[in-house]
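Okay, structure first, notes after.
The values are calculated or read from the model by the stated rules, or taken from the named source; none is laboratory data. All values derive from a computational prediction rather than experimental measurement. For neighbour counting, all protein chains shown are included, and Cβ atoms are generated from backbone atoms with ideal geometry for every residue, glycine included.
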Amino acid sequence: MDASTPFATADHSPRASRVRSGRRIADRILILASTLATLLGIVVLGSILLMLIVEGVKGFTPTLLTAPTPGPGSEGGGIANAILGSLVMTFIGIVIATPVGLMAGTFLAEYGRTSKIADIIRFLNDVLLSAPSILIGLFVYTLMVRPMGTYSGWAGAVALAIIATPVIVRTTEDMLRLVPGQMREAGAALGAPRSLVIRAITWRAASAGIVTGIILALARIAGETAPLLFTALNNNSWFNANLLGGVPNLPVMIYQFALSPYPNWQSLAWAGALLITVTILALSVVARLVIKDQRAR
Amino acid sequence: MTALTQSIAVASESGVPRTAPSKTSDRLFQGAAYGSALLVLLVLAGILGSIVYGAWPAFSEFGFGFLTSSAWNIGTEQFGALPAVIGTVAAAMLALVIGVPVSLGIAIYLTQLCPGWARKPVAMTIELLASVPSIIYGMWGLFVFAPLFARFVQVPVSNLVEGIPIVGTILYARIPSGVGVLTAGIILAIMIVPFVASITRDMLDQIPTVLRESAYGIGCTTWEVVRHVLVPQASVSIIGAIMLGLGRALGETMAVTFVIGNANRLSASIFDPGSTIASRIANEFNEADGLQLSSLMALGCLLFIITFIVLIIARLLVRRAKVA
């Protein structure tokens with residue numbers, strides 16, 4: 001605080017301090033309270049990580065990554081099917097979301113900049129970005145699960161894609177806007193059509209930022225549980241690449257197993273929770289570092 | 001850059017006269033971009049449409065009474081939204097009351113007080129809180145926080161206020177199990193803190209340093225700079241950030257489902273179990289059909305209306321907040 005309040009603390013004469021004691025107390029309270037608030041945040045993150053490590057490491061058995069989830073009350077088993085199912089659905093989700101997000105972001109940054117429709121879409125994209133994921137689950141349930149008559153991996157992947165898309169739209173637009181206009185003009189001066197300028201120059205210049213958006217979207221959907229409850233659901237069988245049925249996945253497995261009465265299921269839930277959180281935190285750290293790098297350039 | 005020069009060079013070297021450069025592919029590209037952008041609009045409309053469609057049987061059966069009824073009886077097929085709506089609003093309000101001061105404190109610490117070398121790591125730590133999946137907050141809340149909360153807060157407070165009118169009702173836990181509306185509010189508060197804090201910090205950072213320096217120059221304390229210079233400058237965006245946090249708190253599902261206790265009745269005590277719209281949908285959806293399923297959809301419809309109004313106001317106030 002010394003560096004930021006060089007003048008406030010300069011006067012220490014008794015008279016001045018009597019006059020100012022009220023202000024000084026208010027100042028001290030603010031400094032103390034905001035430091036405590038920050039410490040609180042750090043302690044909570046530390047406590048969550050500590051809990052995950054302590055409980056999660058106990059669940060790390062030799063078969064954790066090789067065996068499928070066991071039945072109720074039985075021993076052993078692992079979470080391999082849930083990991084595989086999560087990976088497949090997340091991957092399909094990102095594969096659907098990336099082209100849509102990339103093109104929509106390109107429209108907002110390159111074509112629509114100031115048009116009315118771009119303003120509306122930009123705004124709605126921001127709203128969709130913070131929309132409750134449970135509503136997206138209900139939407140995909142009505143759109144796919146009910147007509148198809150079964151919970152399915154495809155429905156889960158579509159729900160995840162809808163959550164990932166606005167993240168990619170947003171970062172793509174932000175990153176394309178950072179590309180200086182002269183680069184586009186230079187391309188246009190060479191006689192390149194606009195689409196070629198965008199693909200060969202603007203996208204390339206913003207590529208690190210765009211990839212970051214995709215990583216952020218991955219981090220966002222990897223832990224999503226609520227929409228998968230109504231779309232992919234879960235099962236204990238080996239995931240057999242049939243996306244037309246329920247697909248085992250980590251978040252729903254964690255939800256069901258953590259609240260189950262069986263100690264074996266609970267310890268598998270903790271191991272899964274540790275695995276998924278570490279993955280997501282690592283992804284977000286990488287994404288943030290890359291984005292800072294891009295902004296700094 | 002190389003790809004462009006190459007493709008242009010290749011075109012001229014091959015001797016083919018460059019016709020007006022591929023107008024159709026240009027058009028296709030722009031069309032694809034436009035179409036993808038419109039898809040965003042379509043998805044939002046689809047969400048609203050599908051939920052209203054699913055909720056229609058419940059709305060036509062119960063009419064306006066759905067909002068005011070607190071029944072939730074699967075046997076007699078009587079359903080009402082009141083307890084879930086009140087639970088949602090109560091938990092979100094508690095989250096704001098607890099979370100907003102903490103968020104502002106963090107933002108002030110990061111912009112005004114934090115030594116330069118610690119600024120990045122501390123900001124990163126707070127932002128990482130936003131990436132923790134909500135189901136992990138649920139587990140932390142249920143297995144770590146709730147037992148401590150029951151032992152050190154619910155039991156002593158309940159003993160203290162027992163018999164006192166009003167306070168004794170609001171703060172009395174019949175069964176001090178640690179789960180309940182207040183616990184949900186606290187967990188939600190922790191979840192919204194990183195969002196509100198980082199948006200507020202960005203807004204405070206955008207205020208010109210000159211304003212701050214001149215205030216310090218006439219002898220203001222940090223508190224006075226914050227109170228009279230920073231807060232008035234950033235107040236609109238801070239309110240927007242708070243609304244954004246509110247939107248999150250209203251729609252949060254998994255964390256709340258773990259710690260709210262999932263009771264279907266109304267209770268005057270914030271220590272008692274309750275339920276929110278989202279937690280009830282998450283709990284009952286897979287076993288529901290017929291009118292119950294439709295009533296859950298109707299709850300979803302109410303959640304859609306409430307959160308989208310909040311989010312739209314928030315976004316109008318904070319036009320370009322971070323993704324996080």
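Which members of the stretch A:172-196 meet the condition of being at negative phi and assigned to a loop (DSSP other than H, G, I, E, B)?
Listed by number, the residues that qualify are A:Leu178, A:Val179, A:Pro180, A:Leu190, A:Ala192, A:Pro193.
Could you run through the stretch B:153-182 and say how many residues are touching a Leu at 6+ places or on another chain (Cβ under 9 Å) and of a type in the set (S, T, N, Q)?
Counting residues in the stretch B:153-182 that are touching a Leu at 6+ places or on another chain (Cβ under 9 Å) and of a type in the set (S, T, N, Q) gives 2.
Can you tell me which residue among A:Leu108, A:Leu143, A:Leu128 is within 21 Å of the chain's Cα centre (by Cα) and facing chain B (nearest Cβ under 7 Å)?
Result: A:Leu128 is the single residue among A:Leu108, A:Leu143, A:Leu128 that is within 21 Å of the chain's Cα centre (by Cα) and facing chain B (nearest Cβ under 7 Å).
Kindly indicate which of A:Trp265, A:Trp270 is in contact (Cβ under 8 Å) with a residue 12 or more places away in the chain, within 11 Å of another protein chain (Cβ to nearest Cβ) and aromatic (Phe, Trp, Tyr).
A:Trp270
Quick one: which helices (runs of 4 or more DSSP H) sit completely within the stretch A:48-144 and have at least 1 residues that are within 29 Å of B:Thr307 (Cβ to Cβ), polar (S, T, N, Q) and in contact with a Pro (Cβ under 6 Å, 6 or more places away or on another chain)?
Output list reads A:116-129, A:133-140.
Quick grid of which residues meet (1) surrounded by fewer than 22 Cβ atoms within 10 Å (Cβ to Cβ); (2) modelled with pLDDT of 90 or more:
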{"position": "B:Phe64", "(1), (2)": "yes, no"}
{"position": "B:Ile74", "(1), (2)": "yes, no"}
{"position": "B:Ala84", "(1), (2)": "no, yes"}
{"position": "B:Leu96", "(1), (2)": "yes, yes"}
{"position": "B:Gly116", "(1), (2)": "yes, no"}
{"position": "B:Pro133", "(1), (2)": "no, yes"}
{"position": "B:Val155", "(1), (2)": "yes, no"}
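Among the residues of the stretch A:160-200, what is the count of those that are touching a Pro at 6+ places or on another chain (Cβ under 9 Å) and more than 7 Å from chain B (Cβ to nearest Cβ)?
Of the residues in the stretch A:160-200, 2 are touching a Pro at 6+ places or on another chain (Cβ under 9 Å) and more than 7 Å from chain B (Cβ to nearest Cβ).
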